[in-house]
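See structure below.
The values are calculated or read from the model by the stated rules, or taken from the named source; none is laboratory data. Bear in mind that the values here come from a model prediction, so they are computed numbers and not experimental data. Neighbour counts are summed over all protein chains in view; Cβ atoms, including those assigned to glycine, are modelled from backbone coordinates with ideal geometry. For the accessible areas, the whole protein counts, side chains as well, though only heavy atoms, and no ligand, DNA or RNA atoms are used. Shrake-Rupley method; radii C 1.70, N 1.55, O 1.52, S 1.80 Å.
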Amino acid sequence: MPRKFTDTPLTPAERDSILEAHRTRKMARSAHAYVRGNTAKFYQWLEGSAIAGKVPAGPSLWICGDCHVGNLGPLSNGGGRIEVQIRDMDQAVIGNPAHDLIRLGLSLATAARGADLPGVVTARMLEEMMEGYGVAIHDPTSGDPGVEPDVVQSVKRRALGRRWRHLAKERFDTVEPRIPLGKRFWAISDKERAALADALRRPGVLNTVLGIDDAVSGDEIRLVDAAYWMKGCSSLGLLRYAAIVALPGHKGEPDYALIDLKEAVEAIAPAAPDAILPPDDADRVVAAARALSPHLGRRMAAVRMLGHSLFVRELAPQDLKLELDQFTRSEAVKSARYLAFVVGKAHARQMDSDARAAWIRILGDDRQPDLETPSWLWESVVSLAGRHEIGYLEHCRRYARAA
């Protein structure tokens, strides 16, 4: 470490050095972690594989672009209920929905391998994945997602009971409305703090993000604390901030909310040739969220700060990740069907009935008589799983040499 995080703010070069080391360590933890953190390689290897020409061209619509298991999870609908939706849109583009299916299939396959499940389970997972996805495309309103996996039921129950104190304890190890500086949260400059406060004060930003009435003015919402946030693998070299804001509560006591501000850059996922995307990348992320995950999208806004484009969202206490590091055979199969249904709903809500029927026909064109998984999906996942396994071992070799 160049110096203590609680000293003066780190320079961009110091930030990048620490983030690169963090990203390398995180991706070396498992093959599944490597897949999650390697979106660029995923598309490079997919494009360069023999199967690339067999992937069906689906309707041009908003796709997640990085549809691995960790990017799905429970979200608050703002009315006291929880729904599992796509929760990360950094790579979202108007593109081919088949790419989301391949990315999800690869993520599920590597999670199964990490849980030491046999290959026959992976085959069953991909079959159930296509079944769940097809049900959602056929009827996104009342289609049957199947039995909710235990991991989904558990995380939804946990999400329902969470409040600010749970979020603060989890993120900051304290229930106080302050951000403790350390390994995850770093000091920011006065210039950054002033720019951040100015961005959040812009008309409608926090009202949208917090889902509060426009009658509550920006003057009634104050910035309590802010810090640079080292989070995930995708923030390398980008601006990422955590901010705590206070807003009017009951009985004169303030309520608190955690705000996440993240720089948006050009997506790695390939857009469809006919796609017309918002020219600003933060606007792209927000538009994608509103199409794919309405509960999330309506709580997001785009801002400009220090010459960069950022998107802003509240991290509500109920917004949690799904973790499938260890699961049984039956849980693996149920999870595949359920999560593919979630992705299918996100795609289907953008299509009319004719487009959905046409997409279902295309998905079934490549199926063998005795197999439920289309050849293009099976061959893509098998090919990419092999390439990622090799890439993961090479990554670990380099990491071991540098450690």
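Phi angles across the stretch 259-266 convert, under the Karplus curve 6.51 cos²θ - 1.76 cosθ + 1.60 with θ = phi - 60°, into 3J(HN,Hα) values of 10, 10, 10, 9, 5, 9, 10, 4 Hz, Gly and Pro given as x. Classification of the stretch 97-169 by its C-alpha gyration tensor yields an oblate form. The axis ratio a/c (a ≥ b ≥ c) is 1.5 or more, and b/c is at least a/b.
Our coupling estimate for the stretch 48-53, obtained by passing each phi through the Karplus curve with A = 6.51, B = -1.76, C = 1.60 and θ = phi - 60°, is x, 8, 5, 7, 3, x Hz, Gly and Pro reported as x. The amide H of I188, built 1.01 Å from its N in the peptide plane, has Y228 as neighbours under 5 Å, considering only residues 5 or more places off or on other chains.
Once the chain from R29 to E266 is taken as fully extended at 0.36 nm per residue, the excess over their C-alpha distance is 82.6 nm. For the chain, the longest principal axis of the alpha carbon atoms and the long axis of helix 329-348 meet at an angle near 70°. Placing unit charges on the Cβ atoms only, positive for Lys and Arg and negative for Asp and Glu, gives the chain a dipole magnitude near 1240 debye about its Cα centre.
Anything over 25 Å Cα to Cα? Flag those among K231/K334; K262/K321; K183/K321; K231/K251; K231/K321; K191/K231, in the order listed.
Check vs 25 Å cut-off fails for K231/K334; K231/K251.
A simple spin-label model places pseudo-atoms 7 Å from Cα toward Cβ; at D283 and K183 they are separated by 4.1 nm. Against the chain, whose longest principal axis comes from its Cα atoms, helix 353-364 is set at around 60 degrees.
Please label the shape of the stretch 290-370 as rounded, prolate or oblate, based on the square roots a ≥ b ≥ c of the eigenvalues of the alpha-carbon gyration tensor (a/c under 1.5 means rounded; beyond that, a/b larger than b/c means prolate, else oblate).
Numbers: a/c = 2.84, a/b = 1.45, b/c = 1.96.
It comes out oblate by the Cα gyration axes.
For the stretch 148-273, rounded, prolate or oblate, judged on the Cα gyration tensor with a ≥ b ≥ c (square roots of eigenvalues), a/c < 1.5 rounded, else prolate if a/b > b/c?
On the way: a/c = 1.33, a/b = 1.05, b/c = 1.26.
Here the stretch 148-273 falls in the rounded category.
Modelled spin labels at I276 and L160, positioned 7 Å past Cα toward Cβ, are 4.4 nm from each other.
Which sequence of I360, I63 reflects their accessible areas, 1.4 Å probe, from the largest down?
On the way: I360 65, I63 0 Å².
Ranking I360, I63 by accessible area, largest first, yields I360, I63.
Less than 5 angstrom separates the built amide H of M305 from those of L310, all sequence-distant by 5 or more or on a different chain.
Ordering I212, P317, L126 by the projection of their Cα atoms onto the charge dipole of the chain, which places +1 on the Cβ of Lys and Arg and -1 on the Cβ of Asp and Glu, puts P317 at the extreme positive end. In the set [x] 21.3, 67; [y] 28.7, 114; [z] 20.3, 68, the label that goes with Rg and Dmax of the Cα atoms in Å computed for this structure is [x]. Between the beta carbons of V175 and D365, assuming R0 = 51 Å, the FRET efficiency works out to 0.40 to the nearest 0.05. In terms of packing, defined here as the mean over residues of other Cβ atoms within 10 angstrom, the peptides 90-97, 220-227, 35-42, 152-159 line up highest first as 90-97, 35-42, 220-227, 152-159. Among all the aspartates and glutamates, which ones have a C-alpha under 16 Å from K54's C-alpha, if same-chain residues fewer than 8 places away are not counted? In chain and number order, the partners are D100, D365, D366, E379.
Using only C-alpha atoms and all pairs of different ones, pull out the Kirkwood radius for the stretch 17-102 in Å with one decimal.
Details: mean 1/r = 0.0671 Å⁻¹.
Radius from the Kirkwood sum: 14.9 Å.
Where the only charges are on Cβ atoms (+1 Lys, Arg; -1 Asp, Glu), what is the dipole of the stretch 53-144 about its Cα centre, to the nearest 20 debye? Don't skip to the end; give the middle numbers.
Details: 6 positive and 11 negative charges, 33 e Å.
Here the stretch 53-144 has a charge dipole of around 160 debye.
Within the same chain, aspartates and glutamates fewer than 8 places from K41 are excluded, and of the rest, those with a Cα less than 13 Å from its Cα are D66, E389.
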